[in-house]
Amino acid sequence: MNIATKAFFVALANELNAHPEQFKVHGEADMVAALVMRKADGDFAVRVAFEGLRVEDIKETSVAEAAAADYYLDGPLAAWQAMFDDILANGSASGRLTINSLALLGTDIRLRGDDPMGVDKFSRFNQTLQEYLDGAARVAVAAG
Amino acid sequence: MTLTQDQTLTDRGDGDGRYDKLPTVSPLGDALDWKWLKGANTEWGVRPKIGPRGLTMLDIATGSYGVVPDNPTHRSMAPRGADIDPDTPDMGYILNKKSDVWADNVVELYEEAVARQWSATRDIPWGELRELPSDIEHAMCQVCTTLTEVEMIAADLPAKWMWRMNHDFLEAKMFLCTQIMDEARHAEVFRKRALANGGGLLMSRGQSEGLLRTIIEAKSYTQATALMHLLGEGFILDIFRMGELISPSPVEKRMFRMAMQDEARHVAYGTMHIRYAVEQDPDVAEEIHEALDHGEAVLTAFGTNQDFGTALAVLLGGGVEHVETKGFALQADMQRKQFTSYLARCERAGISRLHRTKLPLELLGLDPNTILAN
Ligand SMILES: [Fe+2]
Ligand SMILES: [Fe+2]
């Protein structure tokens, strides 16, 4: 599974959008999150727009554009790969590899943004974001 | 916001003469004018557009109904936008300026709070709790004991001021009602966790009470909100984020993530309320600074709460044997992050504390000149 692709994040979005009943318990979420994966052959960045109970838009962007999201999560590809590997192994993120734990430790993946109110949306919708990322386990199973 | 005029509703006529024949006296002998039917002086015929999530408070903030006055003329519970009798009674409100309570995001936050309510009974997978090493279980129980102690201040404080808020600021009061429910649930979930795994409630030695008393005794609501929403809850939000990090099982992880979401709403209201208050009346800034001067000193004293502090350090270190080598160091790192996010929020609120803060920045090796560099 190549995580540094728009297709991967679209698959996660499709997974979330196919199960509104699962996200309804958490309620609507309105935020634009961006993920930045640093790698030797060129950085990858993606913007994920949550609206209501859906992910409405996935857009591959430049790192500069990612910074215009409510917040962005910035780290080396290897750290992102470790996070998704853990999700695949456990069905959902575990231990210190949840997105909040990674961002709070800030050693591998950093939570960044210009506006503290935007950055706080990471906390305001954290369970929704975590479940969006945890969808990787189900996407992987579906892909065989 | 799209408004659609509904012609049948706009017709405020006399109902083809039907209303002329209505009784003018009630069965008990009171005079009747049927004003509500024949033409109350109010906006009629605007119809909000129902959105994909239903009918939100933002949707119904249409026309004059969406206008929140800076200085309401009434002191009663009459609903804003109605045809209000000039002789309505005075309910004793003292927060009668919009800038006393308002925040530009408060309507959105109310809807978000309602949409994202959860149940500490049903939405935490309590059945997945497993026996933990004794030191870890004790530490989690101590953290939950202290959190249970401090949670309800954030319900008592809005409750203390809400009945003093002019009713034209309905949406702000409604948001604070959601906060009160959130705090009840936080007290509930942490109390449940302390008891759920065979542990119990542990030490309470009064070290939290100085902070709680400072918040509840604040002289003005804006001072109180600076102390509670911006300072106190900002720190608690970071504690919840830390709680998620150090959770020994998915049960606590879920608990802290859910609480974190609520807490971030409370902080978002406080930050934007203070910003609004200062924008409307720059003189308020000094009043807020004075409250925070005192509040930061009291919060620093709360930070010396050895029961809470050492329990967090044990969880951060992963057990008592690592508390000195890992726990305390990671805790200092977390405190640096707490101070940084608090000072960033103060900037956003229009109250720069960088060169006035009483927090021990130096002790943690933080430089006010570079602390906010991203
Ligand atoms: Fe709380
Ligand atoms: Fe709170």
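For (1) within 14 Å of chain A (Cβ to nearest Cβ); (2) touching a Pro at 6+ places or on another chain (Cβ under 7 Å); (3) away from ligand 2 (no atom under 15 Å from the Cβ), each residue gets a yes or a no:
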| residue | (1), (2), (3) |
| --- | --- |
| B:Met165 | no, no, yes |
| B:Glu171 | no, no, yes |
| B:Gln179 | yes, yes, no |
| B:Glu188 | no, no, no |
| B:Gly199 | no, no, yes |
| B:Leu202 | no, no, yes |
| B:Gln207 | no, no, yes |
| B:Thr214 | no, no, yes |
| B:Glu217 | no, no, yes |
Query - Test for B:Arg353: is it under 22 Å from the mean Cα position of the chain (by Cα), part of a loop (DSSP other than H, G, I, E, B) and either within 14 Å of another protein chain (Cβ to nearest Cβ) or at positive phi (or both) - result: yes
Query raised in the report: Does segment B:244-251 contain any residue that is under 27 Å from B:Arg116 (Cα atoms), within 15 Å of ligand 1 (Cβ to nearest atom) and at pLDDT 95 or above?
Result: yes
Query raised in the report: Among the residues of segment B:349-359, how many are surrounded by fewer than 20 Cβ atoms within 10 Å (Cβ to Cβ) and not hydroxyl-bearing (Ser, Thr, Tyr)?
Result: 5
Query raised in the report: Which residues, taken from segment B:232-242, are touching a Lys or Arg at 6+ places or on another chain (Cβ under 8 Å) and either away from ligand 2 (no atom under 12 Å from the Cβ) or aliphatic (A, V, I, L, M) (or both)?
Result: B:Asp238
Query raised in the report: Since B:Leu55 meets every condition but one in (1) within 21 Å of B:Trp36 (Cα to Cα); (2) exposed (fewer than 15 other Cβ atoms within 10 Å of the Cβ); (3) hydrophobic (A, V, I, L, M, F, W, C), which condition does it not meet?
Result: (1)
Query raised in the report: Of the residues that sit in segment B:214-256 and are in a helix (DSSP H, G or I) and of a type in the set (Asp, Glu), which one is surrounded by the most Cβ atoms within 10 Å (Cβ to Cβ)?
Result: B:Glu233
Query - Criterion (among the polar types (S, T, N, Q) and within 9 Å of chain B (Cβ to nearest Cβ)) met by exactly one of A:Thr107, A:Thr61, A:Thr128 - result: A:Thr128
Query raised in the report: For the subset of segment B:123-141 comprising residues that are surrounded by fewer than 21 Cβ atoms within 10 Å (Cβ to Cβ) and part of a loop (DSSP other than H, G, I, E, B), which member is nearest to the other protein chains (Cβ to nearest Cβ)?
Result: B:Asp123
Requested in this report: With the condition kept exactly as written, say whether any residue in segment B:99-122 is closer than 30 Å to B:Val46 by Cβ, away from every other protein chain (no Cβ under 14 Å) and either assigned to a loop (DSSP other than H, G, I, E, B) or of a type in the set (S, T, N, Q) (or both).
Outcome: yes
Query raised in the report: Only one of these conditions is not met by B:His229: (1) more than 15 Å from ligand 2 (Cβ to nearest atom); (2) under 27 Å from B:Ala139 (Cα atoms); (3) in contact with a helix residue (DSSP H, G or I) (Cβ under 7 Å, 6 or more places away or on another chain). Which number is it?
Result: (1)
Query - Criterion: without any contact (Cβ under 8 Å) to a residue 60 or more places away in the chain and within 14 Å of chain A (Cβ to nearest Cβ) - qualifying residue of B:Gln331, B:Gln338 - result: B:Gln331
Report task. For segment A:24-49, name all the residues that are within 12 Å of chain B (Cβ to nearest Cβ) and within 17 Å of A:Phe122 (Cβ to Cβ). Result -> A:His26, A:Gly27, A:Glu28, A:Ala29, A:Asp30, A:Met31
Query raised in the report: Looking at segment A:1-103, what helices (runs of 4 or more DSSP H) fall wholly within it and have at least 3 residues that are crowded, with 18+ Cβ neighbours inside 10 Å and touching a residue at least 12 places away in the same chain (Cβ under 8 Å)?
Result: A:6-17, A:77-90
Report task. Sort out which residues of segment B:152-186 are more than 17 Å from B:Ala78 (Cβ to Cβ) and of a type in the set (Phe, Trp, Tyr), and write them in order of number. Result -> B:Trp161, B:Phe175
Query raised in the report: What do you reckon, is B:Ala268 within 16 Å of ligand 1 (Cβ to nearest atom) and facing chain A (nearest Cβ under 10 Å)?
Result: yes
Query - Selection status of B:Gly295, surrounded by 17 or more Cβ atoms within 10 Å (Cβ to Cβ), among the small types (Gly, Ala, Ser) and more than 27 Å from the chain's Cα centre (by Cα) - result: no
Query - Residue in segment B:161-213 that is nearest to ligand 1 (Cβ to nearest atom), counting only those that are of a type in the set (Lys, Arg) and buried (at least 16 other Cβ atoms within 10 Å of the Cβ) - result: B:Arg185
**Report entry** Matching residues, segment B:271-297, being within 16 Å of ligand 2 (Cβ to nearest atom), within 14 Å of chain A (Cβ to nearest Cβ) and not aliphatic (A, V, I, L, M)
**Finding:** B:Thr271, B:His273
Query - Test: B:Pro27 is in contact with an Asp or Glu (Cβ under 7 Å, 6 or more places away or on another chain), part of a loop (DSSP other than H, G, I, E, B), modelled with pLDDT of 95 or more and away from chain A (no Cβ under 14 Å) - result: no
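Every residue, every condition in (1) over 30 Å from A:Ala29 (Cβ atoms); (2) within 46 Å of the chain's Cα centre (by Cα), yes or no:
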residue	(1), (2)
B:Asp20	yes, no
B:Pro23	yes, no
B:Pro27	yes, no
B:Trp34	yes, yes
B:Leu37	yes, yes
B:Trp44	yes, yes
B:Arg47	no, yes
B:Gly51	no, yes
B:Leu55	no, yes
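The values are calculated or read from the model by the stated rules, or taken from the named source; none is laboratory data. All values derive from a computational prediction rather than experimental measurement. For neighbour counting, all protein chains shown are included, and Cβ atoms are generated from backbone atoms with ideal geometry for every residue, glycine included.
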